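J.: Below is one structure. I have some questions about it.
The values are calculated or read from the model by the stated rules, or taken from the named source; none is laboratory data. Keep in mind that what you see is a predicted model, and the values were worked out from it rather than measured. Virtual Cβ from ideal backbone geometry, glycine too; neighbours counted across all protein chains shown. All accessible areas refer to the heavy atoms of the entire protein, side chains included, with ligands and DNA or RNA removed. Shrake-Rupley method; radii C 1.70, N 1.55, O 1.52, S 1.80 Å.
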Amino acid sequence: MTASKYPFPHHRLEAYTVALELAQQSKLLADRVPRGYRSFSDQLLRAAGSTVLLIGEGANRYSAGQKRQRYSEARGEVGEVAAALELLIALGLVPAAQGSLALVLAGRVGAMLTRLIQRLG
């Protein structure tokens with residue numbers, strides 16, 4: 001995962017790794033959304049990307065309060081990812097099986113972030 005011999009703190013977080021996998025799966029699903037519904041896929045990709053970036057930012061902050069704030073924001077974003085996935089599945093715009101797998105990843109990230117937030121609180 002690390003590109004250098006000096007890893008960043010977020011490379012040690014499973015939440016970051018799973019969020020990155022969620023972003024990859026979100027991209028695959030978003031690519032399947034037909035024209036006319038692209039705003040939904042754009043929202044999915046934005047929220048998935050923000051989740052990854054906020055976890056990375058939080059892990060690299062020094063104070064517990066700053067970490068907690070970024071992880072809380074990331075948890076909100078992953079909730080938005082889940083809602084976008086559920087919407088795309090409900091509208092029949094993505095295969096339910098693939099969407100459900102991405103929802104499992106979103107649930108894992110949300111649970112890990114909840115635990116991180118509790119530990120910092």
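J.: Of 77, 14, 86, which residue is among the charged types (D, E, K, R) and farther than 19 Å from residue 117 by Cα?
T.: 86
J.: Of everything in region 6-20 that's surrounded by fewer than 17 Cβ atoms within 10 Å (Cβ to Cβ) and aromatic (Phe, Trp, Tyr), which residue is farthest from residue 103 (Cα to Cα)? Break it down stepwise before answering.
T.: Filtering region 6-20 down to residues surrounded by fewer than 17 Cβ atoms within 10 Å (Cβ to Cβ) leaves 6-9, 11-12, 14.
In the following step, the residues that additionally are aromatic (Phe, Trp, Tyr) were identified as 6, 8.
Values: 6: 32, 8: 27 Å.
Filtering region 6-20 for residues that are surrounded by fewer than 17 Cβ atoms within 10 Å (Cβ to Cβ) and aromatic (Phe, Trp, Tyr), the one farthest from residue 103 (Cα to Cα) comes out as 6.
J.: Looking at (1) open to solvent by 20 Å² or more (accessible area, probe 1.4 Å); (2) of a type outside the set (Lys, Arg); (3) in a helix (DSSP H, G or I); (4) in contact (Cβ under 8 Å) with a residue 40 or more places away in the chain, which one does residue 93 not meet, given that it meets all the others?
T.: That leaves (3) as the condition not met.
J.: Something else: Taking region 96-121 as the search range and keeping residues that are open to solvent by 50 Å² or more (accessible area, probe 1.4 Å) and without any contact (Cβ under 8 Å) to a residue 24 or more places away in the chain, which one is farthest from residue 37 (Cα to Cα)?
T.: 119
J.: Out of all the residues in region 59-76, is one or more more than 9 Å from the chain's Cα centre (by Cα), aromatic (Phe, Trp, Tyr) and open to solvent by less than 20 Å² (accessible area, probe 1.4 Å)? Walk me through how you get there before you give the answer.
T.: Residues of region 59-76 more than 9 Å from the chain's Cα centre (by Cα): 59-73, 76.
With aromatic (Phe, Trp, Tyr) added as a condition, the list becomes 62, 71.
Now restrict to residues that are open to solvent by less than 20 Å² (accessible area, probe 1.4 Å): 71.
Within region 59-76, one or more residues are more than 9 Å from the chain's Cα centre (by Cα), aromatic (Phe, Trp, Tyr) and open to solvent by less than 20 Å² (accessible area, probe 1.4 Å).
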